[in-house]
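Below is one structure, written out as structure tokens, with a few remarks after it.
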Amino acid sequence: MKITVINGTEKHGVTYQLKEIFLEGFRDKAEITEFYLPKDCPNFCVGCTTCFRTDDHKCKDAEYVQKIEKALLEADLLVFTSPAYVFHATGAMKVMLDHFGYRWMPHRPAGEMFGKRAVIITQCLGAGGKSTAKDIKDSLSWWGVSEIHVCTFRLMSDIIWNRIPEKKRQVMTKSLKTMAAKMRGIDYTKPAHTKLVTKMKFYAVRMMQTGLGKQNPEYTDFKYWKAKGWLDNTRPWK
Ligand SMILES: Cc1cc2nc3c(=O)[nH]c(=O)nc-3n(C[C@H](O)[C@H](O)[C@H](O)COP(=O)(O)O)c2cc1C
């Protein structure tokens, strides 16, 4: 199996340790590709909207974005990590997610995403871990991913891994190992179940695209939906 990891920080801190614990259960069976932010997607989206209007390959940052996209599309399991920074995902993670705005369902979602599984790992000192996970989950669910698991932790102690009380480290480790075992047990030859809420979003957008296509048959997103057969009887889920 293939796993693609998007690390919301380059720091080898607590987030890194938690991610390593999760991945430990896969080292012998998975091909793991990791991206570290901001290094692997260093530039802000400047809002030129070229990706939305014409072609995502023409983005000024396509060399970074397309590399990440390829790894995401090839992966069976997506892993996203971030510490809480002022109650949200790191700026670096937000920058990367902005670059994938064109993959949101109202635009040009990748069909592959509808059958994928994802795990989000976040942690904070006291509060904000859940809202941090939500920042990432918002994008994943609008990309079409239905099966999204969240592991979020509150350190409530030191912020240096080795100085976090042993008991606390054990609790986090156990939780991550349990999640890893669950994800390891999945038969990845079968796509994840696409949830009703995801299908409802899809049908709402389908209606919108049909209307937009009547106004302008050359509209980029409409042409994409039409070419996929999604305005007819084809669906991105099995
Ligand atoms: C800019 C910044 C903002 C932060 N905001 C929060 C916050 O809103 N809530 C919180 O509990 N901790 C906050 N923290 C603390 C980190 O989430 C915490 O120390 C975390 O363990 C750091 O993870 P790392 O070791 O992987 O870098 C913040 C830290 C930084 C640097």
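Taken together, the values in this text are just the output of simple stated rules run on the coordinates, not laboratory data. These numbers were taken from a predicted model, which means no experiment stands behind them. Because the Cβ atoms are built from the backbone with ideal geometry, glycine has one as well, and the counts that use them run over all protein chains shown.
Would you give the gap between the C-alpha center of region 105-135 and the C-alpha center of region 1-37, rounded to a whole Å?
Here the two parts' Cα centres lie 15 Å apart.
Give me the Debye-computed log₁₀ of I(q)/I(0) at q = 0.09, 0.18, 0.22 Å⁻¹ for region 37-160, equal point scatterers on Cα only, no solvent, two decimals.
Debye output, listed in q order: -0.26, -0.97, -1.32.
At q = 0.14, 0.15 Å⁻¹, what log₁₀ I(q)/I(0) does region 104-238 have when each alpha carbon counts as one equal point scatterer in the Debye sum?
Calculated log10 I(q)/I(0) at the listed q: -0.74, -0.80.
Considering the chain as a Gaussian network with a 10 Å cut-off on Cα pairs, which listed residue, G129, G91, G185, attains the greatest mean-square fluctuation?
Highest fluctuation among the options: G185.
With the cut-off at 20 Å, tell me which of the pairs K67/K199; K2/K182; K60/K94 have Cα atoms farther apart than that.
Values: K67/K199 28 Å; K2/K182 16 Å; K60/K94 17 Å.
Violating the 20 Å Cα-Cα cut-off are K67/K199.
How large is the helix-only mean residue ellipticity at 222 nm for the chain, computed as the sum of -39500 (n - 2.57) over DSSP H runs with n ≥ 4, divided by its residue count, in deg cm²/dmol to the nearest 500? Could you put the intermediate results ahead of the total?
Details: 8 runs with 100 residues, N = 238.
Result for the chain: -13000 deg cm²/dmol, rounded to the nearest 500.
Just K116, K174, K134 to compare: in a GNM of the chain, with alpha carbon springs under 10 Å, which one fluctuates most?
Of K116, K174, K134, the Gaussian network model singles out K174 as fluctuating most.
Check which residues have an amide H placed less than 5 Å from Y85's amide H, if you skip close sequence neighbours.
For Y85, whose amide H was placed from the backbone, the distant partners under 5 Å are T90.
Each residue of region 158-175 in order: what ³J(HN,Hα) in whole Hz does its phi give by Karplus 6.51 cos²θ - 1.76 cosθ + 1.60, θ = phi - 60°, with x for Gly and Pro?
Per-residue couplings from phi come out as 7, 9, 9, 3, 5, 9, 6, x, 3, 4, 5, 4, 5, 4, 5, 4, 4, 4 Hz.
For region 47-53, in order, what is each residue's ³J(HN,Hα) by Karplus, 6.51 cos²θ - 1.76 cosθ + 1.60 with θ = phi - 60°, in whole Hz (x at glycine and Pro)?
With coefficients 6.51, -1.76 and 1.60, one gets x, 6, 6, 4, 4, 5, 7 Hz.
Relative to the first principal axis of the alpha-carbon coordinates of the chain, what is the inclination of helix 196-215, with its axis defined by its Cα atoms, in degrees from 0 to 90 and to the nearest 10?
So the helix axis and the longest Cα principal axis differ by about 30 degrees.
Sort I136, I121 so the one with the fewest other Cβ atoms within 10 Å of its own Cβ comes first.
Numbers: I136 27, I121 30.
Ascending number of Cβ neighbours within 10 Å: I136, I121.
What does the charge dipole of the chain about its Cα centre add up to, to the nearest 20 debye, if the Cβ of each Lys and Arg holds +1 and the Cβ of each Asp and Glu holds -1?
Computed charge dipole of the chain: roughly 740 debye.
According to the Kirkwood expression over distinct Cα-Cα pairs, how big is the hydrodynamic radius of the chain, in Å? Before the final figure, lay out the partial values.
Working: mean 1/r = 0.0535 Å⁻¹.
Kirkwood radius, the chain: 18.7 Å.
Quote to one decimal, in nm, the extra length available between I159 and K238 on full extension: 0.36 nm per residue of separation minus the C-alpha distance between them.
On the way: separation 79, 0.36 × 79 = 28.44 nm, distance 4.40 nm.
Value of the extension gain: 24.0 nm.
How about region 1-72: which GluC sites (Glu not before Pro) there are in a DSSP loop, with at most 14 other Cβ atoms within 10 Å of their Cβ?
Working: sites: E10, E20, E24, E31, E34, E63, E69; in loops: E10.
Loop-located and lightly packed - E10.
Taking other Cβ within 10 Å of each residue's Cβ, how do T4, T152 sort, fewest first? Don't skip to the answer; put the middle values down first.
Values: T4 23, T152 19.
The fewest-first ordering by Cβ neighbours comes to T152, T4.
Given the options I32, I21, I159, which has the most mean-square fluctuation in a GNM of the chain, springs set between C-alpha atoms less than 10 angstrom apart?
I159
Expressed in whole Å with the largest first, what are the equivalent ellipsoid semi-axes of region 1-103 derived from the C-alpha gyration tensor as the square root of 5 times each eigenvalue?
Details: eigenvalues 125, 60, 18 Å².
In descending order, the three semi-axes are 25, 17, 9 Å.
Starting from 0.36 nm per residue, how many nanometres of slack lie between Q66 and S131 once their C-alpha separation is accounted for?
Numbers: separation 65, 0.36 × 65 = 23.40 nm, distance 2.74 nm.
Full-extension gain reported as 20.7 nm.
If neighbour count is taken as other Cβ atoms inside 10 Å, put W237, W104 in order from fewest to most.
Ordered from fewest to most neighbouring Cβ atoms within 10 Å, W237, W104 come out as W237, W104.
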